[in-house]
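The values are calculated or read from the model by the stated rules, or taken from the named source; none is laboratory data. Just so it is clear, the structure is predicted and the values come from calculations on it, not from any experiment. All Cβ positions, glycine included, derive from the backbone under ideal geometry; neighbour counts span all protein chains shown.
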């Protein structure tokens, strides 16, 4: 048994928010430690804590739609392969799932979107990287080139993620954090934090170039790639206004690129 | 003689003017709307108590070369469409209790 799981709990810190995942199954805890390596905290006091009840793997499908809604003061998170409830007052919850890492990964993503929604932050379908102390976010739908760009990152760039970027609004402005939420790169991001310099909306093309994007188009681009699941009018409005606030304060440009390392010459 | 009609912003929406466009998000189903110039005027004036005809006369006829009857007919069609989308409330009576959503248009 390792130090992190010595108390039956693995504490996973992403974006400065620590979620403790408690399980009596040592194998599942090892799976978590491996999957979230670099983001596991030792001796932490988690901000939120979940007890995982493991079920047989044949129950439900990860292809089903996610539902996130409130009932009797609790958040309920449901998909074919998991069911979770979370009391925002006590900051504790329960997850019923098989030992499938994709289930806990989705629960963690949802929990972070709910936490961030009230703080002006969000998760974005985007790769991101830190270069020269500044964070650059590359947003786009599946196939837009997020993983390709991350794979082409030069040695002086630290890739924060190739799939899900973590953006928080803090006293000094917007910051991007590394996440363990990996895409095709199948590699957790660097656990770093840096002030957000620019968001690029990705488009693959015949040449490498950066072009301006109007604020309304930028907002549409950000909103289209934002992760948010909750059926909650208040939070939907909050997330919408957060996206528009981001567009007002952070440059959003379009990066058209060829799948070649030279595309990074434009990112400085 | 037609009945006076009134328009108010729906409660479960958030709206903000950005880059010259009025963008609106429905809180109930996360649908995103972007209004054209005329629709933005209607949206911003939709206080629930000013008759639609008066909004058209003051904010549309005054700035656009269009006769009042045509402008009102177009505005009614637009209001009905926005009401169908759930982002505007259209009524034959004033809606004094309707309030613009928090952090509404800038």
query = residue A:195 fails exactly one of the following numbered conditions: (1) in contact (Cβ under 8 Å) with a residue 60 or more places away in the chain; (2) farther than 15 Å from residue B:25 by Cβ; (3) within 14 Å of chain B (Cβ to nearest Cβ). What is the number of that condition?
reply = (3)
task = Within the stretch A:95-140, count every residue that is out of contact with any strand residue (DSSP E or B) (no Cβ under 7 Å at 6 or more places or on another chain) and either in a helix (DSSP H, G or I) or under 30 Å from residue A:251 (Cβ atoms) (or both).
result = 6
remark   = Going through the stretch B:45-56 in order, the residues found to be surrounded by fewer than 18 Cβ atoms within 10 Å (Cβ to Cβ) and either within 14 Å of chain A (Cβ to nearest Cβ) or outside any helix (DSSP H, G or I) (or both) are B:47, B:49, B:50, B:51
key: Meets criteria (outside the structural domain of residue A:34 (by TED's automatic domain parsing), modelled with pLDDT under 95, over 21 Å from the mean Cα position of the chain (by Cα) and closer than 30 Å to residue A:70 by Cα) for residue A:233   = yes
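Considering A:241, A:246, A:160, A:152, which residue is buried (at least 23 other Cβ atoms within 10 Å of the Cβ) and over 22 Å from residue A:105 (Cα atoms)?
So the residue among A:241, A:246, A:160, A:152 that is buried (at least 23 other Cβ atoms within 10 Å of the Cβ) and over 22 Å from residue A:105 (Cα atoms) is A:246.
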note = The condition of being outside any helix (DSSP H, G or I), in contact (Cβ under 8 Å) with a residue 12 or more places away in the chain and either crowded, with 17+ Cβ neighbours inside 10 Å or more than 13 Å from chain B (Cβ to nearest Cβ) (or both) holds, among A:190, A:219, A:262, only for A:190
task = Output yes when any residue across the stretch A:180-187 is out of contact with any helix residue (DSSP H, G or I) (no Cβ under 7 Å at 6 or more places or on another chain) and closer than 19 Å to residue A:267 by Cβ, and no when none is.
result = no
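Just a yes or no: is a residue in the stretch B:91-99 assigned to a loop (DSSP other than H, G, I, E, B) and at positive phi?
Looking through the stretch B:91-99, none of the residues is assigned to a loop (DSSP other than H, G, I, E, B) and at positive phi.
Rundown of residues vs (1) in contact with a helix residue (DSSP H, G or I) (Cβ under 6 Å, 6 or more places away or on another chain); (2) under 27 Å from residue B:28 (Cα atoms), yes/no style:
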site	(1), (2)
A:53	no, no
A:65	no, yes
A:68	yes, yes
A:86	no, yes
A:95	yes, yes
request  = Within the stretch A:223-259, work out how many residues are touching a residue at least 12 places away in the same chain (Cβ under 8 Å), assigned to a helix (DSSP H, G or I) and under 17 Å from residue A:112 (Cβ atoms).
outcome  = 6
message = Looking only at residues that are assigned to a strand (DSSP E or B) and under 19 Å from the mean Cα position of the chain (by Cα) in the stretch A:50-74, which one is farthest from residue A:10 (Cα to Cα)?
response = A:67
request  = Go through the stretch B:23-44 and give me each residue that's part of a strand (DSSP E or B), surrounded by 20 or more Cβ atoms within 10 Å (Cβ to Cβ) and more than 9 Å from chain A (Cβ to nearest Cβ).
outcome  = B:35
